[in-house]
Ligand code: AP5
Ligand code: MG
């Protein structure tokens, strides 16, 4: 199973990817997570990306295409993958087409998560993750079962992203509408675009995604 999750910042791409990984035994390839890991490790890519990400702008296509192209060659991608946050520009989408064609691979689906902008700000400013395992939570919508303790790994340290502030979110939304939304007609024309209601509750979104991934 190979799929793309396409949606604005805060649409729930990471939340749903974590669930689909378990359901289909595939890996999540989040370019945002990869870039944040590069920033944390202080690699040359991380050093170039940090200020761009903090401002809410998109990192250059050549960095992202190189990153994904290396990653899909790794062994754990053999059974399939979920692209979370890639492609984000038409140039990235075209590079992905070439990359997959060279490996004789196809995409099973591109899933659009549709959410109104007004709802996204609250989702993003309320979001936090476990600093140890990366499990995602939200101040109101998705709290750990025991307050202050990660459901997944039991640790008690949590963190918030440096681009989850009102100013950067506005730029991220603008980048989505201007540079990423044109991918919707691109994939529609190829016939593999499916849309789910990203404003429904988290379980319902998962249900709609699994239905969209049914063959036929
Ligand atoms: P990235 O990390 O991809 O950020 P993003 O696209 O802005 O998306 P988010 O991770 O903020 O949101 P999400 O859709 O994953 O939502 P989540 O599940 O967390 O990219 C960050 C930056 O890296 C970019 O700005 C750019 O600079 C750079 N970058 C990355 N990829 C790039 C590329 N390809 N090209 C160029 N630059 C790139 O959910 C949000 C919150 O809402 C959570 O708290 C969650 O619990 C809650 N929630 C989720 N679903 C629901 C629901 N159904 N109901 C209620 N609450 C919900
Ligand atoms: Mg995410």
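The values are calculated or read from the model by the stated rules, or taken from the named source; none is laboratory data. Source: prediction; values computed, not measured. Neighbour counts run over all protein chains shown; Cβ positions are idealised from the backbone, glycine included.
From the list 164, 203, exactly one residue is near ligand 1 (Cβ under 9 Å from one of its atoms) and over 17 Å from the mean Cα position of the chain (by Cα). Which is it?
Exactly one residue qualifies, and that residue is 203.
Restricting attention to helices (runs of 4 or more DSSP H) lying wholly within region 1-73, give those where 2 or more residues are closer than 19 Å to residue 123 by Cβ and near ligand 1 (Cβ under 7 Å from one of its atoms).
Fully inside region 1-73 and qualifying: 13-24, 31-41.
Scan (1) surrounded by fewer than 13 Cβ atoms within 10 Å (Cβ to Cβ); (2) closer than 15 Å to residue 10 by Cβ for the single condition residue 199 breaks and write down its number.
Every condition holds for residue 199 apart from (1).
Please state which one of 103, 190, 114 is farther than 17 Å from residue 32 by Cβ and at pLDDT 95 or above.
114
Considering only region 164-171, I want to know if a residue exists there that is in a loop (DSSP other than H, G, I, E, B) and surrounded by 15 or more Cβ atoms within 10 Å (Cβ to Cβ). Reasoning before the result, please.
From region 164-171, those in a loop (DSSP other than H, G, I, E, B) are 164-165; that's our starting set.
Still in the running and surrounded by 15 or more Cβ atoms within 10 Å (Cβ to Cβ): 164.
Yes, because at least one residue in region 164-171 is in a loop (DSSP other than H, G, I, E, B) and surrounded by 15 or more Cβ atoms within 10 Å (Cβ to Cβ).
Scan region 17-53 for residues that are more than 10 Å from ligand 2 (Cβ to nearest atom), in contact (Cβ under 8 Å) with a residue 40 or more places away in the chain and closer than 24 Å to residue 97 by Cα and jot them down.
Correct list: 20, 21, 24, 25, 26, 27, 29.
With the condition kept exactly as written, say whether any residue in region 132-140 is part of a loop (DSSP other than H, G, I, E, B), within 26 Å of residue 213 (Cα to Cα) and either modelled with pLDDT of 95 or more or touching a strand residue (DSSP E or B) at 6+ places or on another chain (Cβ under 9 Å) (or both).
Yes: one or more hits.
So, in region 42-77, of the ones that are touching a strand residue (DSSP E or B) at 6+ places or on another chain (Cβ under 8 Å) and farther than 28 Å from residue 165 by Cβ, which residue ends up surrounded by the most Cβ atoms within 10 Å (Cβ to Cβ)?
Here the answer is 72.
Do we find that residue 100 is more than 25 Å from residue 131 (Cβ to Cβ), more than 8 Å from ligand 1 (Cβ to nearest atom), surrounded by fewer than 17 Cβ atoms within 10 Å (Cβ to Cβ) and under 17 Å from the mean Cα position of the chain (by Cα) in this structure?
Judged against the criteria, residue 100 is not a match.
Go through region 116-135 and count every residue that is closer than 11 Å to residue 10 by Cβ and in contact with a helix residue (DSSP H, G or I) (Cβ under 8 Å, 6 or more places away or on another chain).
Count: 5.
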